[in-house]
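Trainee: Handing you this structure, nothing more for now.
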Amino acid sequence: MNVSNKERCIKYLEKYAEKDMDAMKSMFAEDIILRDWKIYVEGKNEALRETQENFEAADSIVIEVLKTYENEDTVLAELKITVNKTEVLYVVDVITFNTAGEIASIRAYLGRGNG
């Protein structure tokens, strides 16, 4: 069965919210690039280290997918992320996938909610 990149993206977000490091290891490409409003890292080991730090800093992570947009190798996901039940972030993740279906890059952009 063919898995779409949108399905891969949703699975990544679910596993991220569960703080599942084994899933991150299997989903990240060796040459992954992570970039957001605070960090920029290259390579799987650095991306896993950064992800582990994020997991350790949060008691809970809830990710609500508001919208997704997909093309051949990229999925954009508009997200409402609640950290520790109090910190609410509105984020757009731009996630690209390589031909093996691994996450090649995640670029996250911080926005704001309505109001």
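The values are calculated or read from the model by the stated rules, or taken from the named source; none is laboratory data. The shown structure was predicted, so the numbers you read here are calculated from the model rather than taken from an experiment. So basically every Cβ, Gly included, is an ideal-geometry build from the backbone, and we count neighbours across all protein chains shown.
Trainee: Give Glu72, Glu50 a once-over and let me know the one that is at pLDDT below 95, closer than 21 Å to Arg8 by Cβ and either aromatic (Phe, Trp, Tyr) or not in a strand (DSSP E or B) (or both). Steps first, answer last, please.
Mentor: Working: Glu50 fails: at pLDDT below 95.
So the residue among Glu72, Glu50 that is at pLDDT below 95, closer than 21 Å to Arg8 by Cβ and either aromatic (Phe, Trp, Tyr) or not in a strand (DSSP E or B) (or both) is Glu72.
Trainee: If we scan segment 29-50, do we find a residue that is surrounded by 12 or more Cβ atoms within 10 Å (Cβ to Cβ) and among the hydroxyl-bearing types (Ser, Thr, Tyr)?
Mentor: no
Trainee: Mind listing just one residue for me: the one in segment 75-115 that is of a type in the set (Asp, Glu), in contact with a Phe, Trp or Tyr (Cβ under 9 Å, 6 or more places away or on another chain) and part of a strand (DSSP E or B) and, of those, surrounded by the most Cβ atoms within 10 Å (Cβ to Cβ)? Give the steps one after another, and end with the answer.
Mentor: Quick first cut of segment 75-115, residues of a type in the set (Asp, Glu) only: 78, 87, 93, 102.
Checking the rest, the ones that are also in contact with a Phe, Trp or Tyr (Cβ under 9 Å, 6 or more places away or on another chain) come to 78, 93, 102.
Then keep just the ones that are part of a strand (DSSP E or B); that gives 78, 93.
On the way: Glu78: 16, Asp93: 22.
By that ranking, first place goes to Asp93.
Trainee: Residues to consider are Lys67, Lys80, Lys44; find the one that is basic (Lys, Arg), modelled with pLDDT of 95 or more and within 23 Å of Asn2 (Cα to Cα). If you could, list the steps in order and put the result at the bottom.
Mentor: On the way: Lys80 fails: within 23 Å of Asn2 (Cα to Cα); Lys44 fails: within 23 Å of Asn2 (Cα to Cα).
After ruling out the rest, the residue left standing is Lys67.
Trainee: Any idea which residue in segment 32-70 is nearest to the chain's Cα centre (by Cα), counting only those that are polar (S, T, N, Q) and within 23 Å of Gly101 (Cα to Cα)? Break it down stepwise before answering.
Mentor: So in segment 32-70, the residues polar (S, T, N, Q) come out as 45, 51-52, 54, 60, 68.
Within this subset, residues satisfying the condition of being within 23 Å of Gly101 (Cα to Cα) are 45, 51-52, 68.
On the way: Asn45: 16, Thr51: 9, Gln52: 13, Thr68: 13 Å.
Ranking the qualifying residues of segment 32-70, first place goes to Thr51.
Trainee: Just give me the residues in segment 4-19 being crowded, with 16+ Cβ neighbours inside 10 Å and free of Cβ contacts under 8 Å to residues at least 24 places away in the same chain, in sequence order.
Mentor: Lys15
Trainee: Looking for whichever is assigned to a loop (DSSP other than H, G, I, E, B) and more than 14 Å from Ile95 (Cβ to Cβ) here; the options are Lys25, Lys19. Which one fits? Talk me through it step by step, then tell me what you get.
Mentor: On the way: Lys25 fails: assigned to a loop (DSSP other than H, G, I, E, B).
The match here is Lys19.
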